[in-house]
Structure formats: C-alpha cells, structure tokens
Amino acid sequence: MLTLAAITLREIALELVEPFRISSGETRHRRILLLELLDTDGVRAWSEGVAGERPNYSAETIDTAWLMIRDHVAPRVLGVRFESAADVHPRLTVDFRGNPMARAAVEMGMWCLEAQRRGLSLARLLGGEREKVAAGISIGIQDSPDILAEKAVTALTRGYRKIKLKIEPGRDLAFIRAVREVCGPDAPLMVDANNAYTLDDLPRLTELDTFALMMIEQPLAADDLVQHAALQAELVTPICLDESITGPDRVRDMLTLGSGRIVNLKPGRVGGFTPALQIHALCVDAGVPLWCGGMLESGVGRGFNIALASLPGFTLPGDISPSERYWRHDVVEPGWTMDETGMIGVPHTEPGTGVQVDRDRIAALTVREETVRAR
Ligand code: OSB
Ligand code: MG
C-alpha cells in the first residue's frame, strides 16, 4: 500500500559546465524541477521533472509542468491508496491528454517511494539485473569540425562507449568527417539531428550514411513516423527515434511502418516507468535495440535513468554520463561516477536510487518552492 500525503515542488538553478547546443537551441543555465514526495507513513522520495526551459525539444517546459503537477497531477494521486506504483500511470491517463513529463515526474517518484518502502533498489523494483551500465556522451554542436573532433577524441580516451554528436544542416558532413578521421573507423559514433532535416535533405543524409555511424537519431519532424519510414528505406544506417516515440503505440507503429530500427527511451518523454517498461518489453520481443536517453538531468533524474538502463533490453550505451560531465557539484551524494572502461555502477544494495539528496545544496539553489497536500 502506498498513499501520498504531500508533494513539494522545487525549482533549482544549476549551471552546466559547458553550454549544450542542439539544432533547436542552446542551454547553459538549467532550471530543474525536483519533486519531494511524502507518504502517510513519513517515507520520502525525490524525483525530477525533465521538461526543459523552452519548448524546443517537446511542448512542455518546466513552467507548464509545474502548473500541471500542482493543479492536475498531484490532486489525482494525493490521498489515494495505491496497491503499487504500477497503478499510478493508469490513474494519470484517464481523460488526461499530453503532459507526459509532468505525469512522469510524479509517477516515477511513486516507483522510488515504493522502492524505499520495500527496502529495494529502484533498479531491482523495475526488474533491472545489470551491475553496471555502459555510459555514452552527447556532445553539443560546436563552432568548428576541429573543436568537435577534439572533444570526441577526449571522450573516447575517457572511456565513453558511445559518442553522440549533435548535428544540423551545414554543421554535419564536414564535422562528422573530421571526427571519423581522428577517431578511426571503429569508434562508436552516432549523430542526433533533433528534427533539423526534411526529406528535401536526402542527398545530404545519404552522404551521412557513408560514415559508418551506429545510428542517425530523429532526423525528421518530432511527431513523424511516415516520412522516417521513407527515409529509412533509403539508408543503410539505422534510424533511431527519440521525439517520435511518445508511448508504446508509437513503437508498434514504428515497427509496422519501418520508421526506424533503434529506440531511444526516455521515461519522462513517454509518461513514466509503466509505459517505459511496456516499451522495453515490446523492443525485447521485436529484437529492437534499446538505449536510455538523457535530458541533462541532475543526479536525481540520473539515478532513475541508471536504474532503468539496468534492465536486460537496454543493449546499447545510454546518453548517461557521470555527474562531472554536467555539473561542478551535483545535488546528490555521492555523485555519479564512471570508471575508465566507461561503466557506471548500479547501486543494488541501497534502497531507491542509491544516492542521497544534498538538502543544504538544494536549499541554496532553490528559486521557488510550493507544497501540495492531500485534502
Ligand atoms: O535529443 O537526446 C536529445 C538533451 C536535451 C534535450 C534533448 C536531447 C538531449 C541530449 C542530452 O542529447 C543527453 C544527456 O542528458 O546527456
Ligand atoms: Mg535526441
């Protein structure tokens, strides 16, 4: 049994160690939404909302998520007796359209709360088995091919098992050619376009196809599956879908249409762990390689991604990097670290995510705070 007494929303301001630029915009000063869930027995869990500062990746922002959680999500779960965290998602989908990141922040927090109550690691509760997960790095768009190539080499030397390079038309071919040249033919390279291309760019995308990339992530529109299918038919490189996969049905459609061959799964984008587990099962059944994406999370959200990535279907390295890649000081103790072989340990012996939130640090970084209670 699981009954929530209160949810506290906090916005913290956290500066990235370097700006992160994708085709639709640049981020340096992260505004991060953290939730603290309190149940009727006094057990607590933290979770993170992954909506960005601006609606350039998805329609949601931290501001819309704040409003939706306070006025629509929290009132649906506060004071309700849940058998388990798996029962939360259904309650958040009846007559409720959109806003997956707002729903996921609460739903994932409930999974962590259940893990805390049962003295289980979040990874075990979700069905995770791996002791370590493979780390990848997502490198933003740079000013020149040389700068990008140098960053990619440094990342490879550090041990990262997948190097993802952000691209856009005009900052693609010369950039990727430079990286491939210095990193060598076997380096695990991929690109992510965040919807920057259309089918009119076919010649350019066909040239990208010659760089032996692991995959090309979301080249076309954020809500498209049909044009991606047409593009995939022209390419040897597998297409990986990110933005287009908003739930299990979109994975089924991707398989039917042939829109892509790999899935980037972000639990926040699909509305939480319950739909994420459904997508995991679908991909395992269909033999579709899966990896866990990232949203520049603090150590809180990173813990959720690491727990999820410990499931057996996550066969490719995620966009999961250690804390130091993002923050001078993370908000959890200990911070997330990567060994020299590019692996991050999954804490299976601690309850929940296995890291403690640094309350003093969070208090110092908090910009606004609001608590919603069961009525
Ligand atoms: O498209 O995967 C993306 C960050 C913000 C928004 C969208 C994306 C990303 C990343 C960062 O690629 C991955 C990370 O958290 O390291
Ligand atoms: Mg992406």
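The values are calculated or read from the model by the stated rules, or taken from the named source; none is laboratory data. Since the model is a prediction, treat every value here as computed from it, not as a measurement. Cβ sites come from the backbone with ideal geometry, for glycine too, and all protein chains shown count toward neighbours.
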Practice item. Quick one: in region 304-316, of everything that is more than 14 Å from ligand 2 (Cβ to nearest atom) and not aliphatic (A, V, I, L, M), which residue is surrounded by the fewest Cβ atoms within 10 Å (Cβ to Cβ)? Key: 312
**Study point:** Selected residue (criterion: nearest to ligand 2 (Cβ to nearest atom)) from residues of region 321-342 that are within 22 Å of residue 27 (Cα to Cα), not in a loop (DSSP other than H, G, I, E, B) and not small (Gly, Ala, Ser)
**Key:** 325
Exercise for review: Kindly provide the set of residues from region 352-375 that are part of a helix (DSSP H, G or I), surrounded by fewer than 19 Cβ atoms within 10 Å (Cβ to Cβ) and in contact (Cβ under 8 Å) with a residue 24 or more places away in the chain, ordered by number.
Suggested key: 361
Study note, to complete from the structure: In region 255-278, residues that are out of contact with any Cys (no Cβ under 7 Å at 6 or more places or on another chain), more than 26 Å from residue 114 (Cβ to Cβ) and not in a loop (DSSP other than H, G, I, E, B) total 3
Exercise for review: Answer yes or no: is there a residue in region 343-351 that is more than 22 Å from the chain's Cα centre (by Cα) and assigned to a helix (DSSP H, G or I).
Suggested key: no
Review point. Considering 322, 312, 317, which residue is more than 12 Å from ligand 1 (Cβ to nearest atom), touching a residue at least 12 places away in the same chain (Cβ under 8 Å) and on the phi < 0 side of the Ramachandran plot?
Key: 312
Practice item. Return the only residue of 43, 77 being over 22 Å from the mean Cα position of the chain (by Cα), of a type outside the set (Gly, Ala, Ser) and buried (at least 22 other Cβ atoms within 10 Å of the Cβ). Key: 77
Revision key, fill the gap. (1) in a helix (DSSP H, G or I); (2) among the hydrophobic types (A, V, I, L, M, F, W, C); (3) under 27 Å from residue 30 (Cβ atoms) all hold for residue 281 apart from (3)
Check your understanding: Name the pairs whose Cβ atoms lie under 9 Å apart, with the first residue in region 215-226 and under 17 Å from residue 59 (Cβ atoms) and of a type in the set (Asp, Glu), the second away from ligand 1 (no atom under 12 Å from the Cβ) and modelled with pLDDT of 95 or more, and 6 or more positions between them or separate chains?
Key -> 223/246; 224/259
Study note, to complete from the structure: When region 42-70 is checked residue by residue, the ones that are part of a helix (DSSP H, G or I) and out of contact with any strand residue (DSSP E or B) (no Cβ under 9 Å at 6 or more places or on another chain) are 64, 67, 68
Point to revise | Residue in region 145-164 that is farthest from ligand 2 (Cβ to nearest atom), counting only those that are in contact (Cβ under 8 Å) with a residue 60 or more places away in the chain and basic (Lys, Arg) | key: 158
